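The block underneath contains the structure these notes are about, expressed in structure tokens.
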Amino acid sequence: MIGWIAVRLALGDSGGSADQTGAMAMIAQAPGGRILLWAGGLVMAILALWFLLRTWFAARRGHEMKAAVVDALRWSGPAAVYAGLSGMVLRFAAGGGSSSSAQTQSATAGLLGSGPGRALVLLAGAVVIGIGIGFVVVGVTRRFLRQLERSGARSVGAALRITGIVGYIAKGFALTAVGVLLGWAAISADPEKATGLDGALTTMAGLPAGVAMLLLIGVGLILFGVHSALRSRYQAM
């Protein structure tokens, strides 16, 4: 859905934010959308709890302290992500919530007033850029296929390969753009430049050949969603 909003943005339709909040707003406006958001938020909360349990049992199974810490960190990260997403979705289901751009600006405004705060925002931007580059590398090298093969899948269809390659690269470019804007906000001490995914894609649309890039990223994000659904058949729990 974020990809579809990005495609509409590239085609000149400014209605909706090309981020999670824009997608949730689109769901909320659909018939039965509020019920779907409540269900999705509760499921994400359960999934966060499931990851927390995996964190606990993975740490207990570790024979060495280092292995226990690595396993705990491996599963606690997704637990925090899904807990945050659950809170965001449930706020929208209850009729609240704000755009991710506004949330990002609010979170960075206080930090940019001091040297350590600006360094922290710059570090966050660098981390997001690193994650984005990681997604691009996974797509280019087809590393995601190795992850699926380790789960027991003997052969992966062409649809899963193509959507994975394009989807990972597109998501990587989108995240890299977000990280660049965070770094730019830290260097210039301007929280309005830290605008999240929607702001990054909107800024991209104003660059030379930016509309074509935004269109490709939007299509790529849609394919990443398709890839995520297709890989559920092979994903090891």
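With every protein chain kept in the model, how would you rank Phe51, Phe144 by accessible area, 1.4 Å probe, largest at the top?
Listed by decreasing accessible area, they come as Phe51, Phe144.
Enter the accessible area of Ile131 (Å², nearest 10), with the probe set to 1.4 Å and all protein chains included.
Per-residue accessible area (Ile131): approximately 80 Å².
Just add up the charged neighbours of Gly77: K/R +1, D/E -1, any other residue whose Cβ is under 13 Å from the Cβ of Gly77.
+1
Using a 1.4 Å probe on the protein heavy atoms only, what accessible surface does Leu145 show? Give it in Å² to the nearest 10.
20 Å²
Accessible area, 1.4 Å probe, largest first: how do Leu221, Leu53, Leu11 sort?
My answer, sorted largest first, is Leu11, Leu53, Leu221.
Work out the FRET efficiency for Ala159 and Val137 from their Cβ-Cβ distance, taking R0 = 22 Å, and round it to the nearest 0.05.
It comes out at approximately 0.50.
Full extension from Ala68 to Ala119: what is 0.36 nm times the residue separation minus their Cα-Cα distance, to one decimal in nm?
Details: separation 51, 0.36 × 51 = 18.36 nm, distance 3.08 nm.
Between Ala68 and Ala119, full extension yields an extra 15.3 nm.
What is the spin-label model distance, in nm, from Arg91 to Val211 if the labels are put 7 Å beyond Cα along the C-beta direction?
Once both label points are built, they end up 3.4 nm from each other.
Just reorder Val180, Val121, Val128, Val137 by solvent-accessible area, largest first, 1.4 Å probe, all chains present.
Ranked from most to least accessible, the order is Val180, Val137, Val128, Val121.
Taking 0.36 nm per residue of separation and subtracting the Cα-Cα distance, what length does fully extending Phe57 through Ala80 add? Please report the intermediate quantities before stating the final value.
Details: separation 23, 0.36 × 23 = 8.28 nm, distance 1.67 nm.
So the extension gain works out to 6.6 nm.
Can you pull the accessible area of Met65 for me, 1.4 Å probe, Å² to the nearest 10?
150 Å²
The values are calculated or read from the model by the stated rules, or taken from the named source; none is laboratory data. In this text the structure is predicted, and so the values were computed from the model without any measurement. Methodologically, a virtual Cβ is constructed for each residue, glycine included, from the backbone with ideal geometry; neighbour enumeration extends over all protein chains shown. Side chains are part of the model used for accessible areas, which takes the heavy atoms of the whole protein and leaves out ligands, DNA and RNA. Shrake-Rupley method; radii C 1.70, N 1.55, O 1.52, S 1.80 Å.
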